[in-house]
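Colleague: Next up is a structure, given as structure tokens.
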Amino acid sequence: MPAKPISPLLLELIRRLKELRESKKQTLQEVYDATGVHIGRIESNRHNVTITTLAILCQHYQVTLSETLKDIEAQADTALKIKGSTASK
């Protein structure tokens, strides 16, 4: 069975979460121990992320949920525009 395509929004969310973890110099295990969230499963796209899980991670990384979502939306919009312009060629 072919893999489901991943939305640019989800890809950007995964990228941002990994970036936050790495900026804090934390391992997957350290994030799990502190939050109970299997961040490795999210980063590898084996599990989707709920808003509750995202809020837990944002609190752990000391960033606001609203700012994180705003950043993700802006990046995903850019990716969609690029993808749309190449698809129409």
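Colleague: Sort out which residues of the range 1-15 are of a type outside the set (D, E, K, R) and either without any contact (Cβ under 8 Å) to a residue 60 or more places away in the chain or outside any loop (DSSP other than H, G, I, E, B) (or both), and write them in order of number.
Modeller: M1, P2, A3, P5, I6, P8, L9, L10, L11, L13, I14
Colleague: Please count how many residues of the range 29-79 are in a helix (DSSP H, G or I), under 19 Å from L10 (Cα atoms), of a type in the set (A, V, I, L, M) and out of contact with any Ser or Thr (no Cβ under 7 Å at 6 or more places or on another chain).
Modeller: Matching residues across the range 29-79 total 11.
Colleague: Let me ask something else. For the range 12-44, which positions are buried (at least 16 other Cβ atoms within 10 Å of the Cβ) and hydrophobic (A, V, I, L, M, F, W, C)?
Modeller: Within the range 12-44, L13, I14, L17, L20, L28, V31, V37, I39, I42 meet the criteria.
Colleague: Between a residue in the range 16-40 that is on the phi < 0 side of the Ramachandran plot and modelled with pLDDT of 95 or more and any residue that is surrounded by 12 or more Cβ atoms within 10 Å (Cβ to Cβ) and among the acidic types (D, E), which pairs come within a Cβ distance under 9 Å, given they are 6 or more apart or on different chains?
Modeller: From the range 16-40, the pairs are L17/E43; K18/E43; R21/E30; R21/E43; K24/E30; L28/E43.
The values are calculated or read from the model by the stated rules, or taken from the named source; none is laboratory data. Just so it is clear, the model here is predicted, and its values are computed rather than measured. FYI the Cβ positions are ideal-geometry reconstructions off the backbone, even for glycines, and counts take in every protein chain you see.
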